[in-house]
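A quick write-up on the structure given underneath.
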Amino acid sequence: MLKINATQKIRVFSGIQPSGKVHIGNYLGAMRRWVAEQQQKENYFCIVDMHAITVPQDPSQLKRLTRDLAAVYLAVGLDPRVCTIFVQSQVPAHAECCWILNCVTPVGWLERMTQYKVKSREGESVNAGLLVYPVLQAADILLYDADEVPVGEDQSQHVELARDIAQRFNHLYGETFKVPKLVLPAVGARIKALNDPTRKMSKSEAHLRGHAIGLVDDPDEIRYVVRRSVTDTGREITFSKQEDKAGVNNLLEIYELLTGKSQEQIEAHFAGKGYAALKEEVAEVIIAALEPVRQRYQELMDDPHELDRLLALGAERARGVADPKMAEIKRKVGFVPLSKH
Ligand code: TYM
């Protein structure tokens with residue numbers, strides 16, 4: 001039988017790559033729930049820098065984006081007293097566990113991953129890290145015996161794979177890993193790009209003006225991007241699953257999530273108004289929601305030592321869970337433990 005963790009709280013694990021501007025899609029799809037539920041749960045939120053080097057990258061940029069993401073985690077309201085916030089590469093068990101899981105994962109499972117197929121099509125040469133990317137993600141989750149993994153829709157396939165890998169390892173070596181549950185938001189699981197509502201808002205394109213709204217963008221930039229967002233030639237402001245209404249629907253979803261109003265109330269509110277009015281209101285709602293985030297982020301970025309100190313504390317707490325789990329995993333596969341002399 002697996003041990004029940006001491007606090008009896010549901011254990012949550014999730015992460016974000018420090019690979020570009022963090023945007024409202026990341027917030028509405030994942031972080032919002034992390035913040036809302038942090039007091040009831042036992043939380044592990046990782047900055048997955050080892051995932052970020054699976055594509056060509058710039059080391060000085062990675063360093064900056066890692067601290068930046070740490071500041072964003074705190075600025076959106078994650079409380080380091082109840083959340084273990086840490087950098088993946090500062091907890092070596094993630095890489096170690098990934099290796100062992102690589103050895104129980106059929107390559108065919110990895111070649112079927114949509115993200116791998118898309119990214120390997122885009123890149124000139126594909127490195128092995130990109131293929132085993134989801135195994136590292138499985139290691140992240142399984143090392144902590146996480147009960148829940150709250151993510152946006154684009155990560156569903158990776159979390160399903162983590163479940164498959166856990167089951168396969170348990171089958172081969174005996175009950176070791178908890179099989180985690182995928183948790184998706186009912187609304188906001190896939191926020192669309194503002195310049196192309198047929199595609200998801202994506203960190204890798206967030207530097208292109210008009211694509212995304214960054215969590216620390218200033219009000220003028222937010223107004224500019226929302227005003228220029230792609231809609232359609234109609235006039236109806238209603239929630240719709242129709243493809244040609246995806247732009248308006250996306251703006252309405254953002255509005256719904258940030259105001260907490262019901263869809264009926266929102267449709268009634270916008271009845272008879274035009275798209276320009278919708279965009280103005282959506283922009284103002286976003287600006288109001290992000291203002292405290294931007295302020296707190298700036299304060300945090302003024303004190304990088306404090307940020308590094310919090311990350312060191314987080315890594316220490318994470319190691320407190322990951323290291324004993326790693327010892328158990330090594331024992332299960334038959335590695336001889338280091339003798340204490
Ligand atoms: P990443 O960094 O691409 O995204 C971070 C989180 O934001 C969600 N997300 C979105 N949600 C709604 N609409 C969007 N347009 C949108 N874009 C992104 C993602 O689903 C994710 O929840 N491989 C992961 C990071 C990772 C991880 C983990 C996650 C590594 N290890 C372990 C969970 C558990 C990734 O690249 O997410």
### Message
Out of 179, 159, 187, 216, I need the residue that is more than 8 Å from the ligand (Cβ to nearest atom) and either touching a Phe, Trp or Tyr at 6+ places or on another chain (Cβ under 9 Å) or part of a helix (DSSP H, G or I) (or both). Which one?
### Response
216
### Summary
Residue set 82, 76, 87, 72; condition away from the ligand (no atom under 14 Å from the Cβ) and either assigned by TED's automatic domain parsing to the domain that holds residue 23 or in contact with a Pro (Cβ under 7 Å, 6 or more places away or on another chain) (or both); output residue 82
### Query
Does residue 236 count as in the same structural domain as residue 155 (by TED's automatic domain parsing), touching a residue at least 12 places away in the same chain (Cβ under 8 Å) and open to solvent by 80 Å² or more (accessible area, probe 1.4 Å)?
no
### Query
With respect to the numbered conditions (1) open to solvent by 10 Å² or more (accessible area, probe 1.4 Å); (2) of a type in the set (Gly, Ala, Ser); (3) at pLDDT 95 or above, which one is the sole condition not fulfilled by residue 6?
(3)
### Query
What helices (runs of 4 or more DSSP H) lie completely within the range 26-80 and have 2 or more residues being over 21 Å from residue 130 (Cβ atoms) and open to solvent by 10 Å² or more (accessible area, probe 1.4 Å)?
32-37, 59-75
### Task
Kindly provide the set of residues from the range 312-341 that are over 19 Å from residue 146 (Cβ atoms) and in contact with a Cys (Cβ under 9 Å, 6 or more places away or on another chain), ordered by number.
333
#### Entry: Single match in 30, 36, 52 (criterion: free of Cβ contacts under 8 Å to residues at least 40 places away in the same chain and within 13 Å of the ligand (Cβ to nearest atom))
52
## Note on the structure
Of the candidates 325, 330, 245, the one satisfying the condition of being open to solvent by less than 40 Å² (accessible area, probe 1.4 Å), touching a residue at least 60 places away in the same chain (Cβ under 8 Å) and of a type outside the set (A, V, I, L, M) is 325
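Got a sec? Which of 122, 153, 160 is at pLDDT below 95 and of a type outside the set (Lys, Arg)? Can you show your working first?
Values: 153 fails: at pLDDT below 95; 160 fails: at pLDDT below 95.
From the options 122, 153, 160, the qualifying one is 122.
Have a look at 281, 306 and point out the one that is within 24 Å of residue 68 (Cα to Cα), without any contact (Cβ under 8 Å) to a residue 60 or more places away in the chain and open to solvent by less than 70 Å² (accessible area, probe 1.4 Å).
Numbers: 281 fails: within 24 Å of residue 68 (Cα to Cα).
So the residue among 281, 306 that is within 24 Å of residue 68 (Cα to Cα), without any contact (Cβ under 8 Å) to a residue 60 or more places away in the chain and open to solvent by less than 70 Å² (accessible area, probe 1.4 Å) is 306.
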### Task
Being open to solvent by 40 Å² or more (accessible area, probe 1.4 Å) and either part of a helix (DSSP H, G or I) or more than 25 Å from residue 329 (Cα to Cα) (or both) is the filter here, so list the residues in the range 89-101 that pass it.
89, 90, 95, 96, 99
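Residue by residue, here is whether (1) of a type outside the set (Asp, Glu); (2) under 20 Å from residue 182 (Cβ atoms); (3) out of contact with any helix residue (DSSP H, G or I) (no Cβ under 6 Å at 6 or more places or on another chain) holds:
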| residue | (1), (2), (3) |
| --- | --- |
| 20 | yes, no, no |
| 30 | yes, yes, yes |
| 33 | yes, yes, yes |
| 37 | no, yes, yes |
| 58 | no, no, yes |
| 66 | yes, no, no |
| 75 | yes, no, no |
| 108 | yes, no, yes |
| 113 | yes, yes, no |
### Query
Do we find that residue 247 is at positive phi, at pLDDT 95 or above and not assigned by TED's automatic domain parsing to the domain that holds residue 34 in this structure?
no
### Message
Suppose we keep only residues that are acidic (Asp, Glu) and in contact with a Gly (Cβ under 9 Å, 6 or more places away or on another chain) within the range 200-221. Which one would you say is farthest from residue 77 (Cα to Cα)?
### Response
205
### Task
Could you tell me which of the residues 121, 112 is more than 22 Å from the chain's Cα centre (by Cα) and open to solvent by 10 Å² or more (accessible area, probe 1.4 Å)?
121
### Query
For residue 15, all conditions in the list (1) open to solvent by 30 Å² or more (accessible area, probe 1.4 Å); (2) more than 12 Å from the ligand (Cβ to nearest atom) hold save one; what is the number of the exception?
(2)
## Note on the structure
Residue count, the range 165-176, condition crowded, with 16+ Cβ neighbours inside 10 Å, touching a residue at least 24 places away in the same chain (Cβ under 8 Å) and in a helix (DSSP H, G or I), comes to 5
### Task
Identify the single condition in (1) of a type outside the set (Phe, Trp, Tyr); (2) outside any strand (DSSP E or B); (3) within 11 Å of the ligand (Cβ to nearest atom); (4) at pLDDT 95 or above that residue 196 does not satisfy, given that it satisfies every other one.
(3)
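The values are calculated or read from the model by the stated rules, or taken from the named source; none is laboratory data. As the structure is a prediction and not an experimental result, all values here were calculated from the model. All Cβ positions, even for glycine, are placed from backbone atoms using ideal geometry, and neighbour counts span all protein chains on display. All accessible areas refer to the heavy atoms of the entire protein, side chains included, with ligands and DNA or RNA removed. Shrake-Rupley method; radii C 1.70, N 1.55, O 1.52, S 1.80 Å.
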